[in-house]
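The values are calculated or read from the model by the stated rules, or taken from the named source; none is laboratory data. Computed from a prediction, not measured in an experiment: that's the story for all the values here. Ideal geometry is used to build each Cβ from the backbone, glycine not excepted, and the neighbour counts take in all protein chains shown.
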Amino acid sequence: GESVGLHLPTLSVQEGDNSIINCAYSNSASDYFIWYKQESGKGPQFIIDIRSNMDKRQGQRVTVLLNKTVKHLSLQIAATQPGDSAVYFCAEKGGNQFYFGTGTSLTVIP
Amino acid sequence: GAGVSQSPSNKVTEKGKDVELRCDPISGHTALYWYRQSLGQGLEFLIYFQGNSAPDKSGLPSDRFSAERTGGSVSTLTIQRTQQEDSAVYLCASSLISYEQYFGPGTRLTVT
């Protein structure tokens, strides 16, 4: 079956520092990956996506890196702000389904 | 514009009762997903609707769970004879092209 896992369940960073959240996936046939941010009491919010034919994609303050050789995905947040505190999920698309990891809780220390 | 809405936001029910959870997707979105999120866990896929195609029900955990989508828009997730292990947040998402999903705020279900 599918599995998407995160390396660390919690991450604390100082405000202004860069954050890196990692994710491992198991299905080498997955062709699409997404990072979501979920704040307390809210549904997940799309942050950035990447297709399997790419290895890097940049957004506003965020970068996603995809290493298909080791089946690893990472989310980099530049100049982390208090508003970035949330749980971050990676997800991979297999067929009609999206498979989500358990999430990493990011805490930004002012 | 309006996002995905879900109702109720919270539902407390007694074990053995049936519940219905509602999802109003973004207008025009052809794909609709239901997920379940237990405390501190990731999202568990339940069911997927795409246009007029037969839904993908492969994620439904038991025959107590069912869902329908009327007119390609509003969807209802029904849980019959609820059990305590059904307690979770039920999330709905819709998308236009089956990739970028927009999530609703979820319904928190508590079975006592």
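In the stretch A:67-83, the residue that is farthest from the other protein chains (Cβ to nearest Cβ) out of those that are surrounded by fewer than 20 Cβ atoms within 10 Å (Cβ to Cβ) and in contact with a Lys or Arg (Cβ under 8 Å, 6 or more places away or on another chain) is A:A79.
Across the stretch B:80-87, a minimum of one residue is classified as assigned to a loop (DSSP other than H, G, I, E, B), at pLDDT 90 or above, over 25 Å from A:I34 (Cα atoms) and basic (K, R). Out of B:P55, B:P105, B:P8, one residue alone is away from chain A (no Cβ under 11 Å) and at pLDDT 90 or above. It is B:P8.
A:A86 fulfils the conditions (1) in contact with a Phe, Trp or Tyr (Cβ under 7 Å, 6 or more places away or on another chain); (2) over 23 Å from B:D56 (Cα atoms); (3) crowded, with 21+ Cβ neighbours inside 10 Å; (4) not basic (K, R) except for a single criterion, (1). Note on the stretch A:3-19: among residues that are surrounded by 14 or more Cβ atoms within 10 Å (Cβ to Cβ) and of a type in the set (A, V, I, L, M, F, W, C), the one that is modelled with the lowest pLDDT is A:L6.
Taking the condition assigned to a strand (DSSP E or B), out of contact with any Phe, Trp or Tyr (no Cβ under 6 Å at 6 or more places or on another chain) and surrounded by 14 or more Cβ atoms within 10 Å (Cβ to Cβ), does A:N27 pass? The answer is no for A:N27.
The set of residues in the stretch B:17-45 that are charged (D, E, K, R), assigned to a strand (DSSP E or B) and closer than 17 Å to B:T82 by Cα comprises B:E20, B:R22, B:R36.
One residue stands out among those in the stretch A:33-66 that are within 12 Å of chain B (Cβ to nearest Cβ) and polar (S, T, N, Q): the one that is surrounded by the fewest Cβ atoms within 10 Å (Cβ to Cβ), which is A:S40. Checked against (1) within 20 Å of B:D18 (Cβ to Cβ); (2) surrounded by fewer than 19 Cβ atoms within 10 Å (Cβ to Cβ); (3) of a type outside the set (D, E, K, R); (4) within 13 Å of chain A (Cβ to nearest Cβ), B:Q50 passes all but a single condition, namely (1).
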